[in-house]
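What follows is a single structure, written as structure tokens, with notes after it.
The values are calculated or read from the model by the stated rules, or taken from the named source; none is laboratory data. Source: prediction; values computed, not measured. Note that we place each Cβ from the backbone using ideal geometry, even for glycine, and neighbour counts take in every protein chain shown. To get the accessible areas, we keep the full protein, side chains included, count just its heavy atoms, and leave off ligands, DNA and RNA. Shrake-Rupley method; radii C 1.70, N 1.55, O 1.52, S 1.80 Å.
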Amino acid sequence: MVKYSGLPSEQPAPLTSRPRAGDSPRSTDAPRVRLHSISAEDEAGFQEERTMDISLRSTDFGVSPVPQPTRRDRAMLLRMDGVGAGQVVSVTAPPFSIGRHATNRLPVDDDSISRFHAHFVCEGDEYYVEDLGSRNGTFLQGKRVTRSIIRDDDWVQLGARVAFRFTMTDARQEGLLRKLYESSTRDALTGSYNRRHFDDRMRAEIAFAVRHATDCGLILMDLDHFKKVNDTYGHPAGDEVLRHLGAIATRMLRTEDVFARFGGEEFAVILRGASTRGSSQLAERLRDALMTHHAVYDGQKIPITLSAGCAALSCCVAPTPEEVLAVADRRLYAAKQGGRNRVVASD
């Protein structure tokens, strides 16, 4: 006697070793069947019986484990405008203020917003956006507000141009958003800003300087005989030299300065408020630091120098990014033609 223990709606497959004519081939995706021959004493007559046991697993039917829910307990602002698009800001320890003044939790340099424009507050489990008497207003979902509750995925605009999307998220998604922003603005090897971000910031810094009648400096730097480093020590050593320059620049620059990889072994620095003289002084310090402190790869010191060309908005005929870049590039070329390992800040 055969006993069947399985799903009620299914019928047991015939226990034959060979398919009969007209039978369709068995699917390889069918649940696996284990047959066990056992002997058991039957209370009525000590008869032998076979029991067929069906073992089914969730993976046999493509059933995945149910993911554990994560707690969305982090308030975030995602920048949606201009050069800062994609920036991720944590709304920590409300009230969280935004405005032009440096003492705000999030200083934003834009003439259309006030020095202290708006802030975010948390009451219980709800967040509110509150205007601080700004000149050009605070807008939630396109409507001007004085104080209003703000929900997940709402967008808020400050003044004429500055816009954020408000979102509640978890730690994993916050980390992912930050990585995405970093990868879109940073050079993976050196940690400096990439060329695309440099171009955006250059336009923004020139516009800021023109609006406020201040100067803006630029340094273009190029590592001398970098191909020789790759040929002598290998490309991994060349990568270490590039990282080394990035580390030196990061230590010496101000927070508001922009250090970017311009292309290959060429780098650029945008200096807010700096004249040509101020730019050349920083370039000399960078040149001296690189010449004095060598990069080290596989226990071996790698000596290298740099050449630099410096310019500023005040030495240009037209206050445009193209003009400032052209002057700095011309002076960089003069530094390399003059023997390298030097800074040129005049024509």
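Of all residues in segment 142-157, those satisfying the criterion of being under 24 Å from the mean Cα position of the chain (by Cα) and closer than 18 Å to I113 by Cβ are W155, V156, Q157.
Between R196, R261, R201, R243, the distinction of being modelled with pLDDT of 95 or more and either of a type in the set (S, T, Y) or part of a helix (DSSP H, G or I) (or both) belongs to R243 only. Here M221 meets each of (1) over 20 Å from S307 (Cβ atoms); (2) not in a helix (DSSP H, G or I) with one exception, condition (1). Inclusion of S346 among residues that are of a type in the set (G, A, S) and either part of a helix (DSSP H, G or I) or open to solvent by less than 30 Å² (accessible area, probe 1.4 Å) (or both) is not warranted.
Filtered by the rule that a residue be among the β-branched types (V, I, T) and under 22 Å from A207 (Cα atoms), segment 95-137 gives I98, V108, I113. Contact annotation: no residue pair with Cβ atoms under 6 Å, 6 or more positions apart or on different chains, pairs a residue in segment 229-244 that is more than 16 Å from S192 (Cβ to Cβ) with a partner that is at pLDDT below 95 and surrounded by fewer than 16 Cβ atoms within 10 Å (Cβ to Cβ). Every condition in (1) more than 29 Å from H294 (Cβ to Cβ); (2) assigned to a strand (DSSP E or B); (3) not acidic (D, E) holds for C310 except the one numbered (1). Give the residues of segment 171-191 that are open to solvent by 80 Å² or more (accessible area, probe 1.4 Å), touching a residue at least 40 places away in the same chain (Cβ under 8 Å) and under 8 Å from the mean Cα position of the chain (by Cα), sorted by residue number. Those that are open to solvent by 80 Å² or more (accessible area, probe 1.4 Å), touching a residue at least 40 places away in the same chain (Cβ under 8 Å) and under 8 Å from the mean Cα position of the chain (by Cα): R178, L180.
The number of residues in segment 192-215 that are open to solvent by less than 50 Å² (accessible area, probe 1.4 Å) and of a type in the set (S, T, Y) comes to 2. If the condition is being open to solvent by 70 Å² or more (accessible area, probe 1.4 Å) and under 23 Å from the mean Cα position of the chain (by Cα), then segment 231-285 contributes R243, T250, R251, R254, T255, E256.
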